[in-house]
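The values are calculated or read from the model by the stated rules, or taken from the named source; none is laboratory data. Predicted model, so just to flag it, every value in this text is computed and none were measured. Cβ placement follows ideal geometry from the backbone for every residue including glycine, while neighbour counts extend to all protein chains displayed.
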Amino acid sequence: MILTREEQRHSTLSEEVRSEMLAAVAACERKRGAALDVLLIAKRYYGWISDEMLRELAVILEMSPAELDSVATFYNQIYRKPIGRHVILVCDSVSCWIMGYDLVRVRLTARLGINLGQTTPDGRFTLLPIQCLGACDQAPAMMVDGELFVNLDATTIDEIIQRYP
Amino acid sequence: MEKPLTGRMRLGEGPVDLDAYEKAGGYAALRKALLRMTPEELIQLVKDANLRGRGGAGFPAGVKWSSAPTGVDSPRPKYVVADADEMEPGTFKDRFLMEGDPHQLIEGVILTSYAIQAEIAYVFIRWEYTRARRLLEQTIAEAYRKNYAGSSILGTRYSLEVRLHVSAGRYIAGEASSMLNALEGGRAVPRPRDPLPTISGLWGKPTVTHNVETLCNVPHIVSNGAAWFKSLGRTQDAGTKIYGVSGKVKRPGAWELPMGVTVREILEEHAGGMRDGLTLRGFLPGGASTDFLTEQHLDTPMDFESIQKAGSRLGTGGIVALDDRTCPVGMAHNLITFFARESCGWCTPCREGLPWSAEILAALEKGEGSPGDLEILEDQCRLLGPGNTFCPLAPGAVEPLQSALKYFREDFERHIREKRCPWK
């Protein structure tokens, strides 16, 4: 697939991002092998992948947009919808469930005024469930923007939320 | 008691760095193997040591290695993939190993690669392990700088490229063939069991995949020998094991102990027993996909065969304790919901059967269960069992359900009879 001139003029990727992606592609045996690398680079810069961006990434990877979309939608950490400035991942696996996941979920949804899978109207937080974060000995646990928080209770949850304006 | 895997770690001091690792004998095994051992000798050594996979299946590592083609005309490049995609609920041992002593893993990866004469090695790690990712990036760079990786390692004719692959989530990517599809930039769905990845794996080339903990054992076997490794275990299984305990125990945590210590020793001596006022009703011995065991199994040695004889699996060795104030139906619901969400959707029994089971369990929890529900759940356990699905996800998923139905039958029946969850 080749991008139209119109699409080339309105690229959603900065030159810096594009060159980082091309380097990832070059380091792989086959271009499509870098699909996850490229999607994660896009995530790092833009947070989520729009349809327009997906088409551009597909060109870089020499995949069809549909095929790349099937990959992008398969993995938890690739977002195909806009997300908030901060992403909270709440562990709902068995050890956290035993140790009080329900209380964590209730506190977070009450404080943020949203349910799991939603973004606050001010665009500050997206709240998502996640499978076991590997912190079972310090359950319940959650992750905000890649930072792990453990032994959660109502007080610590409120404090953590404050840290992310 | 010897603790080869965790012996260099110092509590509260952060990860073992390159300097400390080398001073404690790190990379001596690599030097020894590359300069004084042939790949065949290395494979034989690991076979003799009876190192079995620590990721859940317990397959002998040396046998796996020797199933990869050798010789000048074998397909190239060959690959080694370290599975650091730890996602089995109740399991945190690989994070512990990578955050505590990252060079140990990398040395194990390079040794394994040398054994099968691989050209490229991957560490396949989940996105959420942000700390381990940063550490491994640095660790791999240091290994290159010291020429433990890269071209002509330590002046020999052996060269190896070591790469860190950050994955983007999904439990099924931890299944070896799904992991290869993920590495090829596709959906992490499983491949047919035949041909084996060691014959045709990543990009159709011979590929050996191993769990992090398995690989961490390799340098110690090279340094100290097969007899030493076998002597570490208390039963017929060799080596030590990182056991973990979570749930309402006094001191949740992870400990390196001889393979084959009893469940009681782990739960009572190391985890401190249940919290005051609580008693143990049951436990998952090795993560979410293992059958429940109960108090009657406390004196079972935590090794592959003993736990299997008791009716479960050693799995990852991550014990999850169920106390008497936590609803076993609720726990089964949590577990099945996890597996329903993580099913890749490739084959029908798993895609349809797990959500169906989760719905029934949710209804039971809400007091909306009806007579006959338990029989449907039992049917599901059979229909999703071994032989009926494309990969081991669904058979693993129904292990805790079938054993919960067996050991906590009365609790399930009460939910239906009383039309409520008695724990709420």
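You will find that of B:Glu128, B:Glu142, B:Glu119, B:Glu161, the residue that is charged (D, E, K, R) and surrounded by 21 or more Cβ atoms within 10 Å (Cβ to Cβ) is B:Glu128 and no other.
Among the residues of the stretch B:17-26, those identified as out of contact with any Pro (no Cβ under 8 Å at 6 or more places or on another chain) and either closer than 15 Å to B:Gly108 by Cβ or part of a loop (DSSP other than H, G, I, E, B) (or both) are B:Asp17, B:Tyr21, B:Ala24, B:Gly25. Scanning the stretch B:166-205 for residues that are of a type in the set (A, V, I, L, M) and under 16 Å from B:Ile116 (Cβ atoms) gives B:Ala176, B:Leu180, B:Leu196, B:Ile199, B:Leu202. Kindly evaluate B:His220 against the criterion of being more than 13 Å from chain A (Cβ to nearest Cβ) and assigned to a strand (DSSP E or B). No; evaluated as a whole, the condition is false for this residue.
For B:Gly247, the test of being more than 30 Å from B:Gly62 (Cβ to Cβ) and buried (at least 19 other Cβ atoms within 10 Å of the Cβ) is passed. Considering every residue within the stretch B:55-62, establish whether at least one is in contact (Cβ under 8 Å) with a residue 60 or more places away in the chain, part of a helix (DSSP H, G or I) and not β-branched (Val, Ile, Thr). Checked the stretch B:55-62: at least one residue is in contact (Cβ under 8 Å) with a residue 60 or more places away in the chain, part of a helix (DSSP H, G or I) and not β-branched (Val, Ile, Thr). So, in the stretch A:1-60, of the ones that are outside any helix (DSSP H, G or I) and β-branched (Val, Ile, Thr), which residue ends up modelled with the lowest pLDDT? That would be A:Ile2.
Considering (1) in a loop (DSSP other than H, G, I, E, B); (2) acidic (Asp, Glu); (3) within 20 Å of B:Thr6 (Cβ to Cβ), the lone condition that B:Glu265 does not fulfil carries the number (1).
Scanning the stretch B:284-332 for residues that are under 25 Å from B:Ala173 (Cα atoms) and part of a strand (DSSP E or B) turns up B:Leu284, B:Gly318, B:Ile319, B:Val320.
Condition first: away from every other protein chain (no Cβ under 14 Å) and either basic (Lys, Arg) or not in a loop (DSSP other than H, G, I, E, B) (or both). Now tell me which residues in the stretch B:174-210 satisfy that. Across the stretch B:174-210, the qualifying residues are B:Ala176, B:Ser177, B:Arg191, B:Arg193, B:Val208, B:Thr209, B:His210.
Put simply, of A:Leu36, A:Leu61, A:Leu40 the only residue that is within 8 Å of chain B (Cβ to nearest Cβ), in contact (Cβ under 8 Å) with a residue 12 or more places away in the chain and surrounded by fewer than 21 Cβ atoms within 10 Å (Cβ to Cβ) is A:Leu40. For the structure I just gave you, tell me whether B:Glu107 is touching a residue at least 24 places away in the same chain (Cβ under 8 Å), crowded, with 24+ Cβ neighbours inside 10 Å, under 28 Å from B:Lys241 (Cβ atoms) and away from chain A (no Cβ under 14 Å). Here the answer is yes, as B:Glu107 does meet what is asked. Considering only residues in the stretch A:81-121 that are more than 29 Å from B:Thr326 (Cβ to Cβ) and surrounded by 15 or more Cβ atoms within 10 Å (Cβ to Cβ), the one that is nearest to the other protein chains (Cβ to nearest Cβ) turns out to be A:Val87. Considering A:Ile49, A:Ile130, A:Ile98, A:Ile60, the condition of being of a type in the set (A, V, I, L, M, F, W, C), more than 22 Å from B:Ile172 (Cα to Cα) and outside the structural domain of A:Ala26 (by TED's automatic domain parsing) is satisfied by A:Ile98 alone. Considering only residues that are over 26 Å from B:Gly272 (Cα atoms), within 10 Å of chain B (Cβ to nearest Cβ) and in contact with a Ser or Thr (Cβ under 7 Å, 6 or more places away or on another chain), which ones fall in the stretch A:122-146? Of everything in the stretch A:122-146, those that are over 26 Å from B:Gly272 (Cα atoms), within 10 Å of chain B (Cβ to nearest Cβ) and in contact with a Ser or Thr (Cβ under 7 Å, 6 or more places away or on another chain) turn out to be A:Gln131, A:Gly146.
When you check B:Thr112 against the structure, is it buried (at least 24 other Cβ atoms within 10 Å of the Cβ), in contact (Cβ under 8 Å) with a residue 40 or more places away in the chain and hydroxyl-bearing (Ser, Thr, Tyr), yes or no? Taking the combined requirement at face value, the residue satisfies it.
Considered as a group, the residues in the stretch B:70-96 that are away from every other protein chain (no Cβ under 14 Å) and either closer than 13 Å to B:Asn217 by Cβ or buried (at least 16 other Cβ atoms within 10 Å of the Cβ) (or both) include one that is modelled with the lowest pLDDT, and that residue is B:Thr70. Of all residue pairs spaced 6 or more apart or on separate chains, those with beta-carbon atoms under 7 Å, a first member in the stretch B:211-235 that is under 16 Å from B:Ile43 (Cβ atoms) and a second member that is aromatic (Phe, Trp, Tyr) and buried (at least 19 other Cβ atoms within 10 Å of the Cβ) are B:Ile221/B:Phe229. Restricting attention to the stretch B:333-371, the residues that are within 14 Å of chain A (Cβ to nearest Cβ), part of a helix (DSSP H, G or I) and either of a type in the set (Ser, Thr, Tyr) or under 21 Å from the mean Cα position of the chain (by Cα) (or both) total 9. May I ask you to verify whether B:Arg131 is within 14 Å of chain A (Cβ to nearest Cβ), among the basic types (Lys, Arg), assigned to a helix (DSSP H, G or I) and out of contact with any Cys (no Cβ under 8 Å at 6 or more places or on another chain)? Yes, satisfied. Of all residues in the stretch A:64-80, those that are surrounded by 16 or more Cβ atoms within 10 Å (Cβ to Cβ) and free of Cβ contacts under 8 Å to residues at least 12 places away in the same chain total 2.
For the stretch A:134-149, the count of residues that are over 30 Å from B:Asp291 (Cβ atoms), more than 16 Å from the chain's Cα centre (by Cα) and free of Cβ contacts under 8 Å to residues at least 60 places away in the same chain is nonzero.
Scanning the stretch A:122-133 for residues that are over 13 Å from the mean Cα position of the chain (by Cα) and either closer than 20 Å to B:Arg133 by Cα or part of a strand (DSSP E or B) (or both) yields A:Gln131, A:Cys132, A:Leu133.
Residue check: B:Phe229 meets all listed conditions (1) outside any helix (DSSP H, G or I); (2) buried (at least 22 other Cβ atoms within 10 Å of the Cβ); (3) out of contact with any Ser or Thr (no Cβ under 6 Å at 6 or more places or on another chain) but one, namely (1).
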